[in-house]
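We did not get these values from a lab; they are worked out from the coordinates using the rules stated. The structure displayed is predicted, hence computed values, not measured ones. Because the Cβ atoms are built from the backbone with ideal geometry, glycine has one as well, and the counts that use them run over all protein chains shown.
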Amino acid sequence: MSEPIYDCVIRGGTVASASETFAADVAIDGETITAIGRKLPKGKREIDATGHFVLPGGIDSHAHIEQLSAAGIMNADTWQSATVSAAYGGTTSVIAFAAQHKANNLMTVVSDYAALANKGAVIDYTFHMIVSDPTEITIKEHLPALIAQGHGSIKVFMTYDLLQVPDEPFLDILMTARENGALVAVHAENHGMISWMVKRLLARGYTAPKYHAVSHPRLAEKEAFERLIALAALVDQPIMIFHVSTAEGVATIRRARGGGLKVYAETCPQYLFLTRHDLDRPGAEGAKFMCSPPPRETADQEALWRALELGDLQTVSSDHAPYRFDNQGKKLHGMRAPFRRVANGLPGLETRAKRSWMPP
């Protein structure tokens with residue numbers, strides 16, 4: 001009997017590449033795929049993949065892990081629990097967030113967060129740097145230094161009272177990214193529209209989780225996309241638009257990309273599979289489905305699937321942001337807390353690839 005040639009052979013599965021699926025064996029030496037073909041020679045270890053897909057390890061480019069929110073609520077996951085669940089779901093690399101809050105030193109934020117990840121992560125990882133306090137030292141010293149160290153992406157919020165960055169300092173961030181070769185990723189919703197809607201809803205007693213969806217007008221997404229794209233075009237800076245949720249948002253991105261602008265975008269399983277009606281559940285149950293932007297309508301799901309097919313959207317991330325369904329998380333302010341005081345976010349790191357494999 002001949003000696004094994006490969007360290008490992010995954011045999012009899014259906015290999016899925018970026019462009020096609022086909023029956024094949026996969027041979028691995030060390031951490032490198034060395035051969036793909038049929039009836040490959042024996043490996044020291046053999047894995048029978050008959051009846052299964054064999055996929056590359058996934059990259060989830062948007063996950064909130066062991067991150068303190070601006071409201072002071074910690075995610076339910078640790079780096080260890082989050083990345084173990086990611087691995088079970090076929091994700092082998094994750095991009096999380098080193099989140100600067102007001103008055104934080106960005107260099108310290110990144111260093112402290114890297115220590116957490118290094119202690120607990122079981123898969124590959126890196127960070128987006130959230131900038132919420134664009135002071136002169138952050139813009140002119142800390143961002144260039146961190147980008148030079150290899151932190152290649154910056155996240156900016158256009159909404160949330162404690163996180164939003166106004167247009168003028170946002171332009172400073174875009175220019176710094178351009179000068180230093182970084183990508184800028186954005187949560188883009190019109191803050192004024194949302195704030196105005198929230199105040200009017202609460203004043204009229206509309207406090208249940210389902211009104212969270214009403215408080216984020218779909219026009220808030222469209223307007224913010226258009227403004228963001230104009231800001232980025234002014235300084236010729238590439239941007240990534242996070243968690244696209246509406247047909248109007250997709251159309252805005254399609255026009256910008258068709259005009260040659262450097263615009264990239266993602267959506268998430270919650271926008272592909274949920275609608276605003278999932279928030280309309282008894283008691284606090286709807287709070288489990290609260291995220292921002294909120295799930296929309298069936299017609300928006302169809303537009304998003306079509307945009308993925310056409311390449312208008314380039315990635316599907318989880319936007320994993322789990323909060324416990326207890327008094328440390330979603331119920332921190334009580335069972336009947338108004339939607340404005342309920343932690344936004346839902347889990348999805350482990351199930352992202354499973355949920356996003358094909359449309360319903």
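Tally Lys and Arg at +1 and Asp and Glu at -1 over the other residues with C-beta under 15 Å from the C-beta of K330: what net charge comes out? Each step should come with its number before you reach the end.
On the way: positive: K210, R281, K288, R324, K331, R336, R340, R341; negative: D77, D278, E285, D326.
Once positives and negatives cancel, what remains is +4.
For segment 8-68, the Cα-based Rg and Dmax, in that order, read 14.5, 50 Å.
For segment 168-283, what value does the Rg/Rh ratio take when both radii are computed over Cα atoms and Rh is the Kirkwood radius, given to two decimals? Present the calculation step by step, with values, prior to reporting the outcome.
Values: Rg = 16.2 Å, Rh = 15.6 Å.
Here the Rg-to-Rh quotient is 1.04.
For segment 6-54, a simple Cβ point-charge model (Lys and Arg +1, Asp and Glu -1, everything else neutral) yields a dipole of about 200 debye relative to the Cα centre.
Summing Lys, Arg as +1 and Asp, Glu as -1, what charge do residues with Cβ under 14 Å from the Cβ of T92 carry, T92 excluded? So the surrounding residues net to -3.
Convex hull volume of the Cα atoms in segment 222-336, per residue, in Å³?
Working: hull volume 12.8 nm³, N = 115.
So the per-residue hull volume is 112 Å³.
The Cα atoms of segment 283-360 give a gyration tensor whose axes a ≥ b ≥ c have a/c of 1.5 or more with a/b greater than b/c, which makes the shape prolate.
Principal-axis analysis of the Cα atoms of the chain puts helix 298-310 at an angle of about 50° to the longest axis. Over all pairs of different C-alpha atoms in segment 203-262, the reciprocal of the mean inverse distance, the Kirkwood hydrodynamic radius, equals 13.0 Å. Counting Cα-Cα pairs of the chain in 10 Å increments starting at 0 gives whole-percent bin shares of 5, 22, 31, 25, 11, 4, 1, 0. Along segment 163-169 the Karplus relation, 6.51 cos²θ - 1.76 cosθ + 1.60 evaluated at θ = phi - 60°, assigns HN-Hα couplings of 10, 5, 10, x, 4, 5, x Hz to successive residues, with x for each Gly and Pro.
Dipole magnitude for the chain: about 1080 debye, using +1 per Lys or Arg Cβ and -1 per Asp or Glu Cβ, origin at the Cα centre. Within segment 6-54, DSSP assigns beta bridges of which about 65% are antiparallel (rounded to the nearest 5).
For the chain, the 222 nm mean residue ellipticity estimated from helices alone, with every DSSP H stretch of n ≥ 4 adding -39500 (n - 2.57) and the total spread over all residues, rounds to -9500 deg cm²/dmol.
Here's the list of lysines a cross-link from K155 could span, going by alpha-carbon distance under 20 Å and ignoring same-chain residues fewer than 8 apart: K102, K140, K222, K262. Here, P(r) means the percent of Cα pairs in each 10 Å bin from 0 to the largest distance; for segment 56-203 it is 11, 38, 33, 16, 2, 0.
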